[in-house]
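Engineer: Mind having a look at this structure? Questions to follow.
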Amino acid sequence: MAIGRYNVRMDRRTTDAVMIEQRAQAMTRRSIKTEAKQAALRLAIAMVDLTTLEGKDSPQKIKSLCRKAISPYEGSLDLDVPSVAAVCVYPSLVPVAIEALANSTVCVASVATGFPSGQYPLDIRLADVQQAVLDGADEIDMVINRGAFLSGKHEQVATEITQTRLACGPARLKIILETGELETYDNIRHASDLAIAAAADAGSIENGDVFIKTSTGKVSPGATMASTLVMLEAIRDHYHATGVRIGMKPAGGIRSAKTAIHYLVMLKETLGDAWLTPELFRFGASTLLNDLLRQLVKQATGHYTAGWDFSIA
Amino acid sequence: MNTRIEIDAPQDSGESPETTDYNWEYSPAPERMQVDIKDRYGLFINGSFRSPVSKKYFKTVNPATEEVLAEVAQAGAKDVDKAVEAARAAQPKWARLKPTERAKYLFRIARRIQERSRELAVLETMDSGKPIKESRDVDLNITAQYLFYYAGWADKLDYAFAGARPKPVGVCGQIIPWNFPLMMAAWKIGPALACGNTCVLKPAETSPLTALRLAEILQEVDLPPGVVNILTGAGATGQAIAEHPNVKKVAFTGSTQVGKILAKVCAKKGKHLTLELGGKSPNIIFEDASLDQAVEGIVSGIYFNQGQVCCAGSRLLVQESIHDEVVKKLAHRFESLRVGDPLDKNTDVGAINSPEQLKKIEHYINVGAAEGADMHSCPVGDLPPKGYWCRPCFFTDVQPSHQIARDEIFGPVLAVMTFRTPKEALELANNTPYGLSAGVWTDKGARIFELAKKLDAGVIWCNLFDAFSPFGGFKESGFGREGGRHGLRPYVAL
């Protein structure tokens, strides 16, 4: 077991704030119409990690979320709506989700490692992961130790990520950087490189085994186009160096179909068509799903329907 | 070395994803606005359109389709006489007008341009071949901004030249190029009118339609007759304007070759002259730069407006240690560059402005290959069957003595060279007859300042690509500055 192979003195990549924001902005200027729009809406639905992460979450709420995840659209039109990629819940509710999603293609993702702060001793964070995996979670959304990262203890952050991946076993690992707390693009880039390298230290990565994710959704700002673009660039450099495809999950604040399409444009133009799959890209979201459906209905009928025409999760 | 903890888990997430065959193509997104274009346009003299005394017309075509858009008058010497006379007659009254009143006219023109900006953007794209994305988001915005800006100066000239009591120069002859037709018109008439001058403006022969639309706008806002006269025509028309005894100041944006001719003309007659000419601008990338952002700077530096930009970053100087990576990133970036119908809102690179220009670019591409440089071409599919199209490309293994490293190509062709030390970068950068602009990409602030002092360039970008003001060059790139307070200077007598 090679822990800590990540070298903090590795080449640090810098990111220029003005140009990255300009480029991210340019991605919103694409005009996605007709067939391309419909395809994008369906793809975005298939990429949703339908999420609820509240202290008041109940088994009933999770069941309803799971039902929505399996068949998002219950209306009368024949829209060919896919299931979402996963539901994302707290560890204690994983068993409920597993039962509700039996015989479906929808995965169960669990946040872990002392989500959202990560401010717990490492053994507790790892136990958190192991329990969620034992309970059947297919995917683990971990948080990095931002306190350690910001205080310069990068090796410690890397070691913890490596150990978390080992604790995941076969489960897919999504590494939340919490970009809103890292603040600068240079930090986001560095944390992305560090997370990918540390995950690779736990064993070779197949395409889509490991994701990097922007945010917990508990900190503002959540995902932004520019911070996501920085992470996509880290993924691209890793792919060029190794041929391995790391996944990406923006989360927090993506509520409209229009924004989701901007992200898909950015994904396509930064990483290429190979990443246009739920195996390599997810949206961490809750309200986004109904807006995607609403736009899909609009594409089919030519007019918008009322919000209450769509079931809440 | 896989030491993962074995845990029984559901199998449905474990398998590794295969590359999907999924192919998400953007559907066509054409700008659908229909623009009325007359069959024939006259000359705009003394506030109205009139037939040319020369009785000659020429055709202007859409470079993306080769379709003839309109016939446009070709102004001869007599027409130039009339226009200059109208401008001369209008000038004293225009100069005596209360400065705030002059400002009002400029504000009105700017507002009307904003109101009609969609129509103007479509027309600009049809006549010049540039992507609608650029004419809509860049050209039209800057055009209006320039006029708003100079409108603001009209009543503050005493503060721009403290204690000097600036006076207008008189009639200004202004000759503009085809790469930013409307924007260049605004760059020229904005400061001239604000300072109390009157103008005879000649748009380029391949892209005159937006300037003629501007003439219509001048009528709409009731600009006094003769204050701006717009004469269409080719080189001879421009020369007649420059040589006219009553033209006191000549402003030219265009090729160095023509600039030299105008310099002689103006020197003989003692006219004021500003020249904004060609360039072979270096984009210098150091190993500590933010590489992905630098690549974006390279792309907008040389492929914006098909590279038909005087300040294009047409020479790329890359530190040797990152050369291969930058080339790889650039080649990757090529995959998402969209070349085609300029009216499609998703087009990044449109058509070359004219068959003559295309021929010139193709000549240089052949020369580059013959000289032994390696060509890398943008992997776009089939280009449209009609129109003037050039695949964007870049050359590696270019030597400073190669023609493609020395001559201004004015097309989407980039020459990539390497350096090892900042001193070598500086030597290469300044090794050109031109001196319009230069880009420096590094994370090190001190290096930026050091190089900025030593680069022979009128405009220097740091980790960014944009046309800043004051804008203008050194050496064979011309003299005089446009934009900002500096842009007023050529239009006043102190």
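Engineer: Distance in nm between label sites at B:N246 and B:E371, each 7 Å beyond Cα in the beta-carbon direction?
Structural biologist: Here the modelled spin labels are 4.8 nm apart.
Engineer: With +1 assigned to the C-beta of every Lys and Arg and -1 to the C-beta of every Asp and Glu, and no other charges, what is the dipole magnitude of segment A:37-301 about the Cα centre in debye, to the nearest 20? Could the numbers behind the result be given before it?
Structural biologist: Working: 25 positive and 29 negative charges, 159 e Å.
Here the size comes out at about 760 debye.
Engineer: Please grab the % of Cα pairs in segment B:92-144 that end up more than 14 Å from each other. Write out the running numbers ahead of the final one.
Structural biologist: Working: 795 of 1378 pairs.
Counting pairs separated by more than 14 Å, the tail of P(r) holds 58 percent.
Engineer: Order by neighbour count: B:D407, B:D222, fewest other Cβ atoms within 10 Å first, most last.
Structural biologist: Numbers: B:D407 19, B:D222 10.
Taking fewest neighbouring Cβ atoms as first place, the list is B:D222, B:D407.
Engineer: Long-range amide H contacts for B:D288: which residues qualify at under 5 Å (H placed 1.01 Å from N, peptide plane, sequence gap of 5 or more or a different chain)?
Structural biologist: Those lying under 5 Å, H to H, from B:D288 are B:D443.
Engineer: Please give the contour-minus-distance gain from A:W308 to A:E155: 0.36 nm per residue of separation, less the Cα-Cα distance, rounded to one decimal in nm. Present the calculation step by step, with values, prior to reporting the outcome.
Structural biologist: Working: separation 153, 0.36 × 153 = 55.08 nm, distance 5.00 nm.
So the chain would gain 50.1 nm between A:W308 and A:E155.
Engineer: Given contacts defined as C-alpha pairs under 8 Å and at least six residues apart, what's the relative contact order of segment B:282-472, whole-number percent? All intermediate terms of the calculation are to be shown ahead of the outcome.
Structural biologist: Values: 342 pairs, mean separation 53.9, N = 191.
About 28 percent, as a whole number.
Engineer: Additional query: Projected onto the charge dipole of segment B:40-277 (+1 at Lys/Arg Cβ, -1 at Asp/Glu Cβ, origin at the Cα centre), which of B:V72, B:C199, B:L106 gives the Cα projection farthest towards the positive end?
Structural biologist: B:C199
Engineer: Could you list B:R50, A:R67 in order of exposure, starting from the residue whose Cβ has the fewest other Cβ atoms within 10 Å?
Structural biologist: Taking fewest neighbouring Cβ atoms as first place, the list is B:R50, A:R67.
Engineer: Once phi is turned into ³J(HN,Hα) by the Karplus curve 6.51 cos²θ - 1.76 cosθ + 1.60 with θ = phi - 60°, what whole-Hz value does each residue of segment B:430-445 show in order, with x for glycine and proline?
Structural biologist: 3J(HN,Hα) across segment B:430-445, in whole Hz: 8, 7, 7, x, 8, x, 8, 8, 7, x, 10, 10, 7, 8, 9, x.
Engineer: List the residues, sorted by chain then number, that are 5 or more residues from A:M248 or on another chain and whose placed amide H is less than 5 Å from its amide H.
Structural biologist: Amide H to amide H, under 5 Å and 5 or more residues apart or across chains, A:M248 pairs with A:I212, A:F281, A:R282.
Engineer: So what's Rg/Rh here for segment B:282-472, counting alpha carbon atoms and using the Kirkwood radius for Rh?
Structural biologist: Working: Rg = 15.8 Å, Rh = 16.7 Å.
Across segment B:282-472, the Cα-based Rg/Rh ratio is 0.95.
Engineer: Turning to a different aspect of this structure: For chain B, find the longest principal axis of its Cα atoms and tell me its angle to the long axis of helix B:117-128, 0 to 90°, nearest 10.
Structural biologist: 80
Engineer: Tabulate in residue order the Karplus-calculated ³J(HN,Hα) for segment B:306-314, using 6.51 cos²θ - 1.76 cosθ + 1.60 with θ = phi - 60°, rounded to whole Hz; enter x for Gly and Pro.
Structural biologist: With the stated coefficients, segment B:306-314 comes to 6, x, 8, 9, 4, 9, 4, x, 8 Hz.
Engineer: Which value in Å is the Kirkwood Rh of segment A:141-237 over different Cα pairs? Kindly include the intermediate steps, with their values, before the conclusion.
Structural biologist: Values: mean 1/r = 0.0759 Å⁻¹.
This gives a value of 13.2 Å.
Engineer: What FRET efficiency, computed as 1/(1 + (r/R0)^6) with R0 = 41 Å and r the Cβ-Cβ distance, is obtained for B:I37 and B:D324, rounded to the nearest 0.05?
Structural biologist: Values: r = 49 Å, r/R0 = 1.20.
Computed FRET efficiency for B:I37 and B:D324 comes out at 0.25.
Engineer: Select from A:Q299, A:Q22, A:Q38 the residue whose mean-square fluctuation is largest in a Gaussian network model of chain A (Cα-Cα springs shorter than 10 Å).
Structural biologist: The residue that fluctuates most here is A:Q22.
Engineer: What's the percent breakdown of Cα-Cα distances in chain A across 20 Å bins, shortest bin first?
Structural biologist: Over chain A, the share of Cα pairs per 20 Å bin runs 35, 58, 7 percent.
Engineer: Then there's this: Each residue of segment B:473-481 in order: what ³J(HN,Hα) in whole Hz does its phi give by Karplus 6.51 cos²θ - 1.76 cosθ + 1.60, θ = phi - 60°, with x for Gly and Pro?
Structural biologist: Values per residue, Gly and Pro as x: x, 10, 6, 7, 8, x, 8, x, 10 Hz.
Engineer: In whole percent, what relative contact order does segment B:216-293 give with Cα contacts below 8 Å and a gap of six or more residues?
Structural biologist: 25
Engineer: Further, regarding this structure: For an R0 of 22 angstrom, estimate the FRET efficiency from the Cβ-Cβ distance between A:D273 and A:A241 and round to the nearest 0.05. Display every interim value, and only then the final one.
Structural biologist: Values: r = 20 Å, r/R0 = 0.93.
Calculated value: 0.60.
Engineer: How many partner chain Cβ atoms sit within 10 Å of a residue's Cβ in peptide A:197-208, on average, as a whole number? If you can, show how the numbers build up before the last one.
Structural biologist: On the way: counts 0, 0, 0, 0, 1, 4, 4, 2, 1, 4, 4, 5.
Per-residue shielding by partner chains comes out at 2.
Engineer: Let me ask you something else. Among the trypsin sites (Lys or Arg not before Pro) within segment B:363-425, which fall in a DSSP loop and have no more than 12 other Cβ atoms within 10 Å of their own Cβ?
Structural biologist: On the way: sites: B:K386, B:R406, B:R420, B:K423; in loops: B:K386, B:R420.
Those that pass, being in a loop and sparsely packed, are B:R420.
Engineer: Binning every alpha carbon pair distance of the protein assembly as shown at 10 Å from zero, what are the percents per bin?
Structural biologist: 3, 13, 20, 20, 17, 13, 9, 4, 1, 0
Engineer: Counting alpha carbon pairs within less than 8 Å and at least 6 residues apart, what relative contact order, in whole percent, applies to chain B? Please report the intermediate quantities before stating the final value.
Structural biologist: On the way: 1083 pairs, mean separation 82.9, N = 494.
So the answer I get is 17 percent.
Engineer: Can you compute the FRET efficiency between B:K269 and B:K59 using 1/(1 + (r/R0)^6), with r the Cβ-Cβ distance and R0 = 45 Å? Round to the nearest 0.05. Show your work: numbers first, answer last.
Structural biologist: Values: r = 33 Å, r/R0 = 0.74.
About 0.85, to the nearest 0.05.
Engineer: Under 5 Å between amide hydrogens, which residues at least 5 positions from B:V228 or on another chain qualify, with H placed 1.01 Å from N in the peptide plane?
Structural biologist: Here the answer is B:C199, since their amide H atoms fall under 5 Å of that of B:V228.
Rule-based calculations on the coordinates, nothing more; no lab input. These numbers come from a predicted model, not from an experiment. Cβ sites come from the backbone with ideal geometry, for glycine too, and all protein chains shown count toward neighbours.
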